[in-house]
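Rule-based calculations on the coordinates, nothing more; no lab input. Note that the coordinates shown come from a computational prediction; the quantities given were computed from them, not determined experimentally. With ideal geometry, Cβ positions are generated from the backbone for all residues, glycine too; neighbour counts draw on all protein chains shown.
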Amino acid sequence: MDCIIFGGLVLDRYFDIEKYPERGQDGFINSEEEFVGGCAINMAATVNNIGGKAHIVSSVGNDKVGDTIIDYIKKHGFSEKYIKRVDKPSGYCFVFIEPDGERTFLTKKGAEGVFVSGLVPDFDNVGAAAVTGYYLLNENADEIMSCIENVSKNGIKILFDPSPLAGDIKKELLERMIKVSTVVTPNETEIRYFSEDTSKWIKDFINNGGTVFLKKGSNGGTVYTPESTFDYKSVKAKAVDTTGAGDSFAGALTYCMANGIDVRTASQMASVCAAKTVEIKGPHGFWRL
């Protein structure tokens, strides 16, 4: 079964630095590179890597950056079915990478925030969809949410990965998103944006049939389902670049949702995929399990 990934396509501009300076202080850039990135393509790459087919829902600008993104999409065999060109500059992201692989992002929004009405008219052979919280911060967020609700009405399972900026999503949109989600994948900070009483929130969500993957970084995480609660372990990796690890985790879970793989196996697969991404320079890579 195929997967639909709602999220932005941008150009990541990487800067290797010795350390991120304190505010008002100086630092040096050791080297720089460019990668095609954005949560959507990072998730899609993982889905494709483990044998699935992902369709990215995003807009790309009619500019040189947009040409670079589309050329990359074609070269690596990503689906173009729901990718549209629009008359707006493409977005980009400055990514500052420290020696231990930690990264800091600064993003300039662009065409990826434009949502073309009716962009997802076809649900044939689609088993699951994934939504990144960043996508709900765009100017057309209400239209995006209406489309996602339509996806849900067609019986498609939905994974919601909140993102570090989930606290900036309008409360009404966040509530609508959670209502249609089958699986949510917050970390220990992000889940507090859902409710101050996180224990009660988790209980209510799973009682309504949902599943929570509460991520705890290098300590793995805890999975809450209507039937059981269990911990999963992270996979040891030599960190080169942590960019895209969470996206890879979410992409693997989306693939598992689409293909009926049980949650315990899904948590193991997702951890392995996240570890592989951490060991690669760039927001995603091309590999096989």
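Partner aspartates and glutamates whose Cα lies under 18 Å from the Cα of K236, excluding those fewer than 8 positions away in the same chain, are identified as D100, E102, D247, E279.
For the stretch 127-173, a crude dipole built from +1 on the beta carbon of Lys and Arg and -1 on the beta carbon of Asp and Glu, taken about the Cα centre, is about 220 debye to the nearest 20.
Under the classification rounded if a/c is under 1.5, otherwise prolate if a/b is larger than b/c and oblate if not, where does the stretch 32-117 fall, given a ≥ b ≥ c as square roots of the Cα gyration tensor eigenvalues?
oblate
In terms of surrounding Cβ atoms within a 10 Å radius of their Cβ, I41, I178 rank from fewest to most as I178, I41. Counting only residues at least eight positions apart within a chain, or on another chain, the lysines with an alpha carbon under 30 Å from that of K75 are K53, K64, K84, K88, K108, K109, K157, K238, K276, K281. Near V57, the amide H atoms lying under 5 Å from its own belong to I5, F6, G7; only residues 5 or more places off or on other chains count, and H is placed 1.01 Å from N. Secondary structure note: in the chain, about 40% of the DSSP beta bridges are antiparallel.
Of the residues S234, S90, S267, the one with the fewest other Cβ atoms within 10 Å heads the list, and the complete ranking is S234, S267, S90.
Place a +1 charge on the Cβ of each Lys and Arg in the stretch 1-78 and a -1 charge on the Cβ of each Asp and Glu, then give the dipole magnitude about the Cα centre in debye, rounded to the nearest 20.
Taking the Cα centre of the stretch 1-78 as origin, the dipole is about 380 debye.
Around the Cα centre of the chain, unit charges on the Cβ atoms of Lys, Arg, Asp and Glu (plus for the first two, minus for the last two) sum to a dipole of about 580 debye. Computed from phi, the 3J(HN,Hα) profile of the stretch 250-266 under the Karplus parametrisation 6.51, -1.76, 1.60 (θ = phi - 60°) reads 5, x, 5, 5, 4, 4, 5, 4, 5, 10, x, 7, 5, 5, 5, 5, 4 Hz, with x in place of Gly and Pro. Kindly identify the chain as rounded, prolate or oblate by the Cα gyration tensor criterion: order the square roots of the eigenvalues as a ≥ b ≥ c, call it rounded if a/c is under 1.5, otherwise compare a/b with b/c, prolate if a/b is larger, else oblate. Verdict is rounded for the chain. Ordering G127, S58, T68 by Cα displacement along the dipole of the chain toward the positive end leaves G127 in first place; charges were set at the Cβ atoms of Lys, Arg (+1) and Asp, Glu (-1). Of the residues I156, L9, G27, the one whose Cα sits farthest towards the positive end of the charge dipole of the chain is I156 (charges of +1 on Lys and Arg Cβ, -1 on Asp and Glu Cβ, taken about the Cα centre).
Normalised by the number of residues in the stretch 2-278, the average gap of Cα pairs under 8 Å and 6 or more apart makes the relative contact order 18 percent.
The calculated FRET efficiency for the pair F230 and N62, based on their C-beta separation and a Förster distance of 45 Å, comes to about 0.40. Sorted fewest first by neighbouring Cβ atoms within 10 angstrom, L106, L214 come out as L106, L214.
Computing FRET efficiency as 1/(1 + (r/R0)^6) for E196 and E102, where r is the C-beta to C-beta distance and R0 is 22 Å, gives about 0.15.
Report, in deg cm²/dmol and to the nearest 500, the calculated mean residue ellipticity at 222 nm for the chain, where each DSSP H run with n ≥ 4 adds -39500 (n - 2.57) and the sum is divided by the residue count. Mean residue ellipticity, 222 nm, calculated: -9500 deg cm²/dmol.
Compactness of the stretch 132-279 is given as radius of gyration and Dmax, 14.8, 42 Å, from Cα positions. Pairs exceeding a 29 Å alpha-carbon distance, out of K19/K81; K81/K200; K179/K216: K19/K81; K81/K200.
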